[in-house]
Structure formats: structure tokens, C-alpha cells
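Only one structure is covered here, and it is reproduced in the block below.
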Ligand code: SF4
């Protein structure tokens, strides 16, 4: 469902959304990157001033619900270096291959994330980009290009190409950051009431000669379990049921003091671990509810906020999704409380609450 508004209502850490259960604060994490100390800060403020949970979003961000003191939370987030630009906080939307630089891929794109983030924050005009516009950097493993971000690059064996709305334009890119910023600035000039590049009729208005080429297929599940890194260390991939990480569990994760990545599949990577530390962490975190089994049915179910957090919902969709957990289905199912279908992945079924059960809003299709 395409929604065009005159104003950008996307929440951030300063401009929050008043949800049915109180203020909703969303913290952007370019590339999903987070330090252990930053996670500990988020867990602390979620416990002190919110619902004591951290919600991981389908863009690799974190949001806090039911926040009772927005100013104090914003101050803590800023002190933790999670709010580098008050004017641009909602437009720092960068998704990047979460395992880049540690496992496989054609190149290490982590430095590009920092460079692009800095360039976005340094360009005053990009403050008008809107909180829904996002950038993607795929290191060649084809994990995030299929998420259909507005503009990005995909690194092939023989160079980078520009992607628009998850499609391969075939346009080679050498100066990554400058090109992505240029496309975003052009979008601001021509967007009218649109907030996403997918809503434009013609990519040629954006970039002369740009054609929507082949779409990258969406990836539906996160990297999970014991993941050996190229340098001999280990990353633990932890799925988080329904993307809701209790602050108490986040504290245990932070105590490992390892680099962290929140993935766009609402999961967590705990990186750069020695084997003994990884083994100990696994034994502590699995009983706390984090999922390290790639066959777990929790990897094939997701849900929007639903009741009681969202006034639009006719059901507690998270509870219903948990009740409907099905080890026998291979199809991803996303449960939503109304036809807005927030957070729907690009493939799998979408089931909408009717007040008397659920009906299929979308069957097991892949959006083109
Ligand atoms: S899909 Fe509807 S019920 Fe669910 S979070 Fe979005 S607006 Fe709320």
C-alpha cells in the first residue's frame, strides 16, 4: 500500500511518535552497528523510562516503546554517540551486508557506511529526505540489495553498480558516497509528495538513462548460529523472537563486550569472539530466549506491533503469531493488525487480523 503524505511522520529519537502505549522512540543505527556500551545504554533507558524491551526493526534500527521521559532518553542516547546530528537523525537510514568484513563478500563495506553516514549528516539539504528513504550497501553476497532500499550499490566481482529500489540499473559506480548523495539530492528535487523512489513513475527523472533492471531476490532469514569468521574468530547469529529483545537479555549481550550488528531481519550478530567466549555466550544466551538454531520456526514468523501498542490494530498480533508458531511450514508468515501491513517482508504470507481470526492479505508471493 503506497501512502503519500505532505509531512514526514516517521519517528526518531527527537521527533517521536505518540503510540497507543506512549511515546515511541526510534534510534537509527547506520549499518546496524552498535557497541556493547551503546546496547547497555539502550537497555538502561528502556528499563528506566520505557517498556523494558528493545524492538529491532526491519531496517536494522532499535525502537523503544512507552517512553515516559523523551528528553532524558534523548540525552542518554546522544551521550552514547547514537545521535550525532539532531537535524539528520531520521535520515541516517543505511542498511549494509551485516557480515561484511568478517565473513565472505567481495569487499569490506564497513568503511563506506561511516563515510556515507558522515556525508548525509554534512549535507543540509538531506535533512528533508524523509525518514522512510534508505540506502543500501551490499558487499556482493546479495543479502541487502533484495530489500529494495531506495538507492544503493551492489559490489560485483568486477565493480560496483547502482541499485534503485532493489533493482540492478547496470550503471557502474566508482565514487560510492558522492553518487548516492547525488541521487538522494535529485530525489528531493523531483519527489513531489513521494517519500520513496519506488513511488516514482520513471527512474529517468532521477538519473538520465536509469532503467529499472532485474530485481535482486529478497532474503527472508537472518544468518543464525555459530558463524566462523575469515580471521578465525566467531560471530554468533541470534534470532530474536518477533524482534522483541527484553532489556534484561540485552544486558547479558552487552556484558560480552563484543561488537554488535542489528540485522534487517530483526536479529543480532555478536562479533569477533574467541571460540571459548562464543561457546560460553551461547550457553548463557540460548536459555534466555535468543535463537541460534537456523531451523527454528521463530525464523519464519514476524508481526507488526498490534495491540496494545497500536490503536489501529484489532488484535494482539504478536501473541497470536507466537501461538501460531508452526515447525512444519517453510513459508514465512507476517501477522499484522490492519491493512497497512507495517514491516511486511518482501516475500512470504501476510496475514491480517479481522477481529475473528486472520485472512491472507498476501499469499506466498515475492513482490516485484
Ligand atoms: S499494521 Fe496496522 S496495526 Fe500493525 S503496526 Fe501497522 S498500523 Fe498498527
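The values are calculated or read from the model by the stated rules, or taken from the named source; none is laboratory data. Since we're looking at a predicted model, the values are computed, not measured. Positions of Cβ are generated from backbone atoms using ideal geometry, with glycine treated the same way; all protein chains shown enter the neighbour counts.
Regarding region 187-195, can at least one residue be identified that is assigned to a helix (DSSP H, G or I) and either touching a strand residue (DSSP E or B) at 6+ places or on another chain (Cβ under 7 Å) or buried (at least 17 other Cβ atoms within 10 Å of the Cβ) (or both)?
yes
Out of 273, 285, report the one residue that is buried (at least 19 other Cβ atoms within 10 Å of the Cβ), free of Cβ contacts under 8 Å to residues at least 60 places away in the same chain, over 22 Å from residue 100 (Cα atoms) and outside the structural domain of residue 344 (by the TED database).
285
Tally the residues that are touching a helix residue (DSSP H, G or I) at 6+ places or on another chain (Cβ under 7 Å) and on the phi > 0 side of the Ramachandran plot, restricting the search to region 35-80.
Number of matching residues: 2.
Kindly indicate whether any position in region 32-45 is farther than 19 Å from residue 132 by Cβ, part of a loop (DSSP other than H, G, I, E, B), assigned by the TED database to the domain that holds residue 238 and at pLDDT 95 or above.
Narrowing region 32-45 to residues farther than 19 Å from residue 132 by Cβ: 33-45.
Keeping just the survivors that are part of a loop (DSSP other than H, G, I, E, B) gives 35.
Filter once more, so that each one left must be assigned by the TED database to the domain that holds residue 238: 35.
Adding the requirement that they be at pLDDT 95 or above leaves 35.
Yes: one or more hits.
Does residue 237 satisfy being over 22 Å from residue 268 (Cα atoms) and not in a helix (DSSP H, G or I)?
Spelling it out, it is not the case that residue 237 is over 22 Å from residue 268 (Cα atoms) and not in a helix (DSSP H, G or I).
May I ask you to say which residue of 113, 153, 161 is in contact (Cβ under 8 Å) with a residue 60 or more places away in the chain and either under 20 Å from residue 211 (Cβ atoms) or part of a helix (DSSP H, G or I) (or both)?
Criteria check complete, one pass: 113.
Does at least one position in region 301-317 carry a residue that is away from the ligand (no atom under 16 Å from the Cβ) and assigned to a loop (DSSP other than H, G, I, E, B)? Let's see the steps before the verdict.
Our first condition is that a residue be away from the ligand (no atom under 16 Å from the Cβ); within region 301-317, this holds for none.
Within region 301-317 (the criterion being away from the ligand (no atom under 16 Å from the Cβ) and assigned to a loop (DSSP other than H, G, I, E, B)), the answer is no, since none of the residues qualifies.
Results for (1) in contact with a strand residue (DSSP E or B) (Cβ under 6 Å, 6 or more places away or on another chain); (2) crowded, with 20+ Cβ neighbours inside 10 Å; (3) not assigned by the TED database to the domain that holds residue 197, shown as yes or no for each residue.
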| site | (1), (2), (3) |
| --- | --- |
| 85 | no, no, no |
| 89 | no, yes, no |
| 97 | yes, yes, no |
| 122 | no, no, no |
| 145 | yes, yes, no |
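Kindly establish whether residue 295 is under 22 Å from residue 104 (Cβ atoms) and outside any strand (DSSP E or B).
Considered against the rule, which asks whether it is under 22 Å from residue 104 (Cβ atoms) and outside any strand (DSSP E or B), residue 295 comes out as yes.
Those residues that are under 23 Å from residue 113 (Cα atoms) and not in a strand (DSSP E or B), I need them from region 53-73; list them, please.
Hits for region 53-73 are 57, 58, 59, 60, 61.
Got at least one residue in region 319-340 being more than 10 Å from the ligand (Cβ to nearest atom) and in a strand (DSSP E or B)?
Looking through region 319-340, at least one residue is more than 10 Å from the ligand (Cβ to nearest atom) and in a strand (DSSP E or B).
If we scan region 90-99, do we find a residue that is free of Cβ contacts under 8 Å to residues at least 40 places away in the same chain and under 24 Å from residue 268 (Cβ atoms)? First the steps, then the outcome.
Start the filter on region 90-99 by keeping residues that are free of Cβ contacts under 8 Å to residues at least 40 places away in the same chain, which leaves none.
Checked region 90-99: no residue is free of Cβ contacts under 8 Å to residues at least 40 places away in the same chain and under 24 Å from residue 268 (Cβ atoms).
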